[in-house]
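The structure appears below as structure tokens.
Every number here is computed from the coordinates shown, using simple stated rules; none is lab data. Please read these numbers as outputs of a predicted model, since none were measured by experiment. Here the Cβ is made from the backbone with ideal geometry for all residues, glycine too, and neighbour counts use every protein chain on show.
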Amino acid sequence: MVTNIAGVMADLEPEDFYLLSGVEQGMRFSEWVRRDKLPDYADLTVEEVDYRLDRCLDEELIERRTIQYEGYQLTFEGYDALALRTFAERETLQGIGAPLGVGKESDVYEARSFKPLALKFHREGYTNFREVMKEREYTADRQHVSWLYTARKAAEREYEALETLYPDVSVPRPVDQNRHAIVMDKFEGVELARSKLESDQVLGVCNLVIRELTTAHEAGWIHADISEHNIAIAESGITIFDWPQAVREDHENAREFLERDLRNLTKYFARKYPRETPDSIDVAAIADAVEDGSFETIREFGGV
């Protein structure tokens, strides 16, 4: 688990952030930033760089490695600190609360502001870098791709999708984005995977999700990673979240991603609620209906 950096922020000085920004700048060009490059990148004297390196190493905001040279790299805590400072300067949020969810590709925390918000730090590429490189289209044309770039592009992609889809599609309201972090409304409900639907609710919820995906498609986006773990169920309805891998409807593999989303969804309902779900479901026909904007009910696409 990545440590919540909020407790460290009060002890950091402006020059610490200059050093962190300098390491960030250097990581655009190489995985490990040479120590002798840092005075220029951070706009600090050599002596000041030495002092700030020790401070940031003590707080685990950076890490050091000696290969052919002495090099430095941001940790995710260091990247978190830079994003949090920007959000504070913009007055987007006043602090961070308890964790809401921690996973291999993101950490989500309560965010303190004038209303309930959630702060999501993208972690793509830090521990599963090669896998993300293969899966995400925004890494395809880059010769040098750091995990900072991968995580930032994931956040930018998700924020762009949320801005386009909200409020026509039931997604979290986007509030702000910087680097690898997104601030959004905190939404209600529990994951579909952890819910237990009544018999008369099953097809209604499945239909509702597919209608939301239809509206998203009309707005130009396909989720491309739908599962029972990124759909929240509440009394007020559903929320579809986690959109960093979303693709546009004109993507060359858009149809493949759409059918995969629909297959994942319908397989889940068939597995957990076999009595309420149609015996055989024509995913390709549902995908046609989604693309045409004509989806009404899943009963049309399988025996009961």
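Numbers below:
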{"item": "Label-to-label distance, nm, for residues given as D36 and R112 (7 Å Cα→Cβ offset)", "result": "4.6"}
{"item": "Relative contact order [Cα under 8 Å, 6+ residues apart], the chain, whole percent", "result": "12"}
{"item": "Helix-derived mean residue ellipticity, 222 nm - over the chain, DSSP H n ≥ 4, -39500 (n - 2.57), to 500", "result": "-12500 deg cm²/dmol"}
{"item": "Farthest toward positive dipole pole in the chain [+1 Lys/Arg, -1 Asp/Glu at C-beta], among F187, S170, L100", "result": "L100"}
{"item": "Lys, Arg +1 and Asp, Glu -1 on Cβ, resulting dipole of the range 190-301 about Cα centre, debye, nearest 20", "result": "500"}
{"item": "Furthest towards positive pole of dipole, C56, A232, M9, structure part the chain, Cβ charges", "result": "A232"}
{"item": "Max mean-square fluctuation residue, GNM over the chain, Cα-Cα springs under 10 Å, options G71, G95, G103", "result": "G103"}
{"item": "R0 of 22 Å, Cβ-Cβ distance N264-A98: FRET efficiency to nearest 0.05", "result": "0.15"}
{"item": "Dipole magnitude of the chain, debye to nearest 20 (Cβ charges: Lys/Arg +1, Asp/Glu -1, about Cα centre)", "result": "580"}
{"item": "Sparse-neighbour loop sites [trypsin sites (Lys or Arg not before Pro); the range 181-233; at most 10 other C-beta within 10 Å; DSSP]", "result": "K196"}
{"item": "Among R173, R260, R55: highest mean-square fluctuation, GNM of the chain, C-alpha pairs under 10 Å", "result": "R55"}
{"item": "Built amide H within the under 5 Å cut-off of S106, gap 5+", "result": "R123"}
{"item": "The range 173-213, dipole about Cα centre (Lys/Arg Cβ +1, Asp/Glu Cβ -1), debye to the nearest 20", "result": "160"}
{"item": "Long pairs among K153/K186; K115/K272; K104/K153; K104/K186, criterion Cα-Cα beyond 24 Å", "result": "K115/K272"}
{"item": "With Cα atoms, 0 to 90° folded angle of helix 283-292 axis to the chain main axis", "result": "80"}
{"item": "Cβ-Cβ FRET estimate between E15 and S195, R0 fixed at 45 Å, reported to 0.05", "result": "0.35"}
{"item": "Structure-derived Rg/Rh (Cα atoms, Kirkwood Rh) - corresponding label in (1) 0.96; (2) 1.02; (3) 1.05", "result": "(3)"}
{"item": "Residue among E124, E259, E15 with the largest mean-square fluctuation in a Gaussian network model of the chain, springs linking Cα atoms under 10 Å", "result": "E15"}
{"item": "Once exposed loop chymotrypsin sites (Phe, Trp or Tyr not before Pro) are cut out (DSSP; at most 13 other Cβ, 10 Å), longest piece of the chain", "result": "115-304"}
